[in-house]
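Read the structure below first, then the notes.
The values are calculated or read from the model by the stated rules, or taken from the named source; none is laboratory data. Note that the structure is a prediction, hence the values are computed from the model and not measured. Please note: Cβ atoms are built from the backbone with ideal geometry, for glycine as well, and neighbour counts cover all protein chains shown.
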Amino acid sequence: MKKAIISMAMASILLWPACSNYRYYSIGGKNANLSKYHFFAWLPPIDTTTNAGYNDLADQSIRDEATAQLEKRGLVLNARRPDLLVRYAIMFKDRVRYYDEPQYTYIGGGFYPRISRFGNIYYHYSQPFPVYVGSEIERVPYKQGTVIIDLIDRNTRHVVWRGYAVGEMDSQKQSLKDMPEVVDGIINKLPLNATQ
């Protein structure tokens, strides 16, 4: 039993850094027949990055990782005759997280009511006794980022698949470092299997 608990603890410690603080979603992939598409090209991104200080590094990181992932799934980058047009957007929103911390005071001595089966009985307690006096609510602001990747049918100009990731942005440097992982997580939601 001890060995099982120790091995479970070790496994959770080893897997803990692999957990991502992003959540991944996709829309429209189940009904769309994405296997009929063979070529793709990039559209210019929706210009939401200039306000937050993101630059060409983020653009290149997103394009490189998405191109590599789409090519693994059998699509070929071809700007002359694309079936699909690929576009991305990055959006930011200021959010606030609230933490509710109970506050206690320790009062020594006194009579505290206690109900027993014989009725209301009072007893004396002489040691410090924690008494709940309220809550302290702490506001912690943070920045939430969303990366959206759209696959658009070139002929109909309709979005045939949209994948996106939502997560907390620690810093611009860390966000740029996490960008390939985020794009990989989004493309993994694409209902096309990777080719060998």
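If I ask for residues that are closer than 15 Å to Leu43 by Cβ, in contact with a strand residue (DSSP E or B) (Cβ under 8 Å, 6 or more places away or on another chain) and not aliphatic (A, V, I, L, M), which ones from the stretch 144-196 would you list?
Across the stretch 144-196, the qualifying residues are Asp150, Asp153, Arg154, His158, Trp161, Arg162.
Across the stretch 170-190, what is the total count of residues that are surrounded by fewer than 19 Cβ atoms within 10 Å (Cβ to Cβ), farther than 14 Å from Glu71 by Cα and of a type outside the set (Gly, Ala, Ser)?
9
Out of Leu70, Leu84, report the one residue that is surrounded by 10 or more Cβ atoms within 10 Å (Cβ to Cβ), under 25 Å from the mean Cα position of the chain (by Cα) and modelled with pLDDT of 80 or more.
Result: Leu70 is the single residue among Leu70, Leu84 that is surrounded by 10 or more Cβ atoms within 10 Å (Cβ to Cβ), under 25 Å from the mean Cα position of the chain (by Cα) and modelled with pLDDT of 80 or more.
How many residues, within the stretch 125-169, are within 30 Å of His38 (Cβ to Cβ) and surrounded by fewer than 13 Cβ atoms within 10 Å (Cβ to Cβ)?
4
Within the stretch 8-22, can one find any residue that is surrounded by 14 or more Cβ atoms within 10 Å (Cβ to Cβ) and at pLDDT 85 or above?
Yes, the stretch 8-22 contains at least one residue that is surrounded by 14 or more Cβ atoms within 10 Å (Cβ to Cβ) and at pLDDT 85 or above.
Results for (1) of a type outside the set (Gly, Ala, Ser); (2) in contact (Cβ under 8 Å) with a residue 24 or more places away in the chain, shown as yes or no for each residue.
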| position | (1), (2) |
| --- | --- |
| Ile137 | yes, yes |
| Gln144 | yes, yes |
| Arg157 | yes, no |
| Gly163 | no, yes |
| Val166 | yes, yes |
| Leu176 | yes, yes |
| Asn188 | yes, yes |
| Pro191 | yes, yes |
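Here are some conditions: (1) modelled with pLDDT of 90 or more; (2) among the hydrophobic types (A, V, I, L, M, F, W, C); (3) in contact with a Lys or Arg (Cβ under 6 Å, 6 or more places away or on another chain). Met169 meets all but one. Which one does it not meet?
Failed condition: (1).
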